[in-house]
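This report concerns only the one structure given below.
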Amino acid sequence: MLSKKYKFQTPLVTPKTPFVKIIIFLIILISLILAFLLDLALGSVDIPLNEVIKILLGQEPEKVTWTHIIIKFRLPKALTATLAGAALGVSGLQMQTLFKNPLAGPFVLGISSGASLGVALVVLTASATTPTLLADLGIISDFGLVIAASLGAASVLGMMLVVSRRVQDTMTLLILGLLFGYATSAIVSILLQFSSKERIQSYIMWTFGSFAGVTWKQLVVLIPVILLSLLGAVLQSKSLNALLLGESYARSLGLTVQKTRFSIITSASILAGAITAFCGPIAFLGVAIPHLCRSLFNTSDHRILIPSVTMMGAILALFADLFSQLAVSQVVLPLNAVTALIGTPVVTWVILRRNSQKSFPS
């Protein structure tokens, strides 16, 4: 049943008028375009925005080297950040709805740790002939990393789903998620003991998180995987709304709960697993972004939340990438440190807010 304090968040109640929602969507879209252009323009070499636009339109810029910098380095990084923020945000939204838990997310529930284990099994047990983690790997090997990371993420998420049916307390569920994360980390630590120094160094650098290591060849794999999974999430909107109102209500609408759960687990695992495979375990974005969008639109209707979370996630990921490059001169900060600084205040706000009102149906 829904608690009385939860009514303002049900999918059936959206206090903001359609005109206000359209305005908010337009502001978010403009912010996304601006963040994307800024990520292309700013860095060790600053490039004027008008020159960036010229390069994107295929025109000749003032300096030829600017085209090389943007096309070869910054554009793949900006596209990766956009995909990563969107994928992690939607994955977190799916898990929060599935578990009816406002603190669920790829990192908090150990999903990223599971994906990390999948990548570790591929990377650390492979031949040590490759000096870097993803260098010189073909498309088949890239798909192998995505599959391994997704299977690792799905394994942990599946265990959490089984446990959630027997454990009703939110904090207990989160503690168990952390324990699963510690267990997978322990297995990775054991693998590290039997790996070459080059593999260990590459893996540790990968755990810091980065959008800069993804090449155009790898984007050929990442872009369709993420876009198809996001499309699947959009098609799940009605099912997610039904689950939000309770399994009994969902069944009364003719929804097959078990199939729906499996579909959501698959989608969330691929989204989190694919990004983890190529960018490393990015923390906090999956937890924080859905709450920002719920507050912004004052609704839990997934038909509104999924597109808004997609754009807002991309915006925050792009700004996190910018901050990691520009915060300290001549030094690039670990991406995970930056996303933690962004996500921690939001997660803290959620925990404090739950002391005064219940955000999810019991």
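A few notes on this one:
- The fraction of accessible area contributed by carbon and sulfur in the chain is 70 percent, rounded to a whole number (1.4 Å probe; ligands and nucleic acids excluded).
- Rounded, prolate or oblate (a/c below 1.5 giving rounded, otherwise prolate when a/b exceeds b/c) for the range 231-324 by Cα gyration tensor: oblate
- With the simple spin-label model, which puts each label point 7 Å out from Cα in the Cβ direction, the residue 255 to residue 179 separation comes to 2.9 nm.
- Among the listed pairs 21/259; 217/259; 217/238; 54/77, those with a Cα-Cα distance over 30 Å are 21/259; 217/259; 217/238.
- What the phi angles of the range 204-221 give under the Karplus curve with 6.51, -1.76 and 1.60, with θ = phi - 60°, is a coupling list of 5, 4, 5, 5, 5, x, 6, 9, 7, x, 8, 9, 4, 4, 6, 5, 4, 8 Hz, glycine and proline written as x.
- Efficiency of FRET from Cβ geometry, residue 205 and residue 235, R₀ 56 Å, rounded to 0.05: 0.95
- Highest average first, the peptides 257-269, 24-36 ordered by how many other beta carbon atoms sit within 10 Å of their residues are 257-269, 24-36.
- Debye log10 I(q)/I(0) at q = 0.13, 0.14, 0.24 Å⁻¹ for the range 293-349, Cα point scatterers: -0.42, -0.48, -0.96
- Debye, to nearest 20: dipole size of the chain, +1 on Lys, Arg Cβ, -1 on Asp, Glu Cβ: 1380
- Using a probe of 1.4 angstrom and keeping all protein chains present, the accessible surface of the chain works out to 46 square angstrom per residue.
- Binning the alpha carbon pair distances of the range 142-258 at 10 angstrom intervals from zero yields the distribution 10, 26, 34, 22, 7, 1, expressed in whole percent.
- Considering only 288, 317, 337, the Gaussian network model of the chain with Cα springs below 10 Å gives its largest mean-square fluctuation to 337.
- Between residue 223 and residue 71, the modelled label-to-label distance comes to 1.5 nm, taking each label 7 Å out from Cα in the direction of the beta carbon.
The values are calculated or read from the model by the stated rules, or taken from the named source; none is laboratory data. Please read all numbers here as calculations on a predicted model, not as lab measurements. Please note: Cβ atoms are built from the backbone with ideal geometry, for glycine as well, and neighbour counts cover all protein chains shown. With ligands, DNA and RNA removed, areas are computed over all heavy atoms of the protein, side chains included. Shrake-Rupley method; radii C 1.70, N 1.55, O 1.52, S 1.80 Å.
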